[in-house]
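One structure is given below, encoded as structure tokens.
The values are calculated or read from the model by the stated rules, or taken from the named source; none is laboratory data. For clarity, every value in this text was computed on a predicted model and none was experimentally measured. A quick note on method: Cβ atoms are made from the backbone with ideal geometry, for glycine too, and the neighbour counts reach across all protein chains shown.
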Amino acid sequence: MATRVTLFLLWLIFAITVAESCRRHKNKSAGTASLLLFNGTGVSPNDVDAIEKILDSLHINYMTANSAELNAMNLSELKSYRLLVLPGGNFIEMGNSIEKNTAYRIKQAVVQGLNYFGICAGGFLAGGSSYYNSLNLTSGLSFGFFAAEKQGIRKAALPITGPNGKTLTQYWEDGPQFSGWGQTVARYPDGSPAVAEGRFGKGFVLLSGIHAEAPASWRKDMVFNTPVSTDNAYACTLIRAALQGIPLPRY
């Protein structure tokens with residue numbers, strides 16, 4: 001009986017390992033991946049899932065990397081991708097899971113042409129603070145939270161306005177604002193940048209303080225004036241722009 005239990009446990013561990021490996025190398029069979037999605041320590045698994053659904057809808061070939069895998073990548077491996085995406089989560093834990101040399105290699109990869117898309121926590125880590133192994137893709141400028149944080153608000157449905165005057169109600173949760181950096185693509189209700197873009201060396205950097213990729217399940221107990229499909233379409237717009245390195249309309 002004990003032998004059967006041992007064999008079952010070994011089989012279960014093997015099955016879980018294979019499943020995780022398949023998840024990490026998702027979509028690689030379709031050809032060389034153009035996008036690398038970080039899913040390491042500190043990230044929100046729910047946000048990774050939401051981003052993956054957007055990527056699947058766009059038929060974008062991508063790979064995922066946890067903290068150890070990202071830390072093991074050399075400069076050439078990073079540069080083999082067109083876009084690195086850092087999702088939402090706990091930016092302190094995310095940054096601490098990335099080694100200083102890794103942060104430096106990412107920075108050099110962006111200088112040499114790797115594009116970067118930072119969402120919420122990924123936006124904070126793009127800043128220039130020396131804490132939490134931030135990437136410093138903003139020439140030394142760091143970012144603070146959107147003003148609602150000081151009012152004790154941790155998440156909200158916020159009207160986000162683009163340069164064409166169109167307003168979308170987007171999901172926000174402890175996200176940054178990007179005053180003083182780059183070009184403003186969309187604004188929070190107080191006029192501060194909710195989405196901003198800029199260049200760092202040869203790389204295109206796009207930062208979002210809101211979660212346009214948020215699914216309907218995140219909208220509980222909040223009122224949105226735009227349907228989830230419209231907000232998710234904006235997420236598609238952001239990802240396409242970041243992947244292709246093409247600037248969006250700005251103020």
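Odds and ends about this structure:
- Of the set (1) out of contact with any strand residue (DSSP E or B) (no Cβ under 8 Å at 6 or more places or on another chain); (2) surrounded by 16 or more Cβ atoms within 10 Å (Cβ to Cβ); (3) not acidic (Asp, Glu), all apply to Leu168 but (1).
- Of the helices (runs of 4 or more DSSP H) entirely within the range 13-127, those holding at least 3 residues that are at pLDDT 95 or above and in contact with a Gly (Cβ under 7 Å, 6 or more places away or on another chain) occupy 91-97, 121-125.
- Residue in the range 145-161 that is in contact with a Lys or Arg (Cβ under 9 Å, 6 or more places away or on another chain) and not small (Gly, Ala, Ser) present: yes
- In the range 111-127, the residues that are under 17 Å from the mean Cα position of the chain (by Cα) and either surrounded by fewer than 20 Cβ atoms within 10 Å (Cβ to Cβ) or closer than 24 Å to Asp190 by Cα (or both): Phe117, Gly118, Ile119, Cys120, Ala121, Gly122, Gly123, Phe124, Leu125, Ala126, Gly127
- Those residues of the range 242-251 which are buried (at least 20 other Cβ atoms within 10 Å of the Cβ) and farther than 16 Å from Gly209 by Cβ, in sequence order: Leu243
Quick grid of which residues meet (1) farther than 18 Å from Gly198 by Cα; (2) in contact with a helix residue (DSSP H, G or I) (Cβ under 8 Å, 6 or more places away or on another chain); (3) outside the structural domain of Asp49 (by TED's automatic domain parsing):
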{"residue": "Ala72", "(1), (2), (3)": "yes, no, no"}
{"residue": "Tyr81", "(1), (2), (3)": "yes, no, no"}
{"residue": "Gly89", "(1), (2), (3)": "yes, yes, no"}
{"residue": "Ala121", "(1), (2), (3)": "no, yes, no"}
{"residue": "Gly127", "(1), (2), (3)": "no, no, no"}
{"residue": "Ser134", "(1), (2), (3)": "no, yes, no"}
{"residue": "Leu137", "(1), (2), (3)": "no, yes, no"}
{"residue": "Ala148", "(1), (2), (3)": "yes, no, no"}
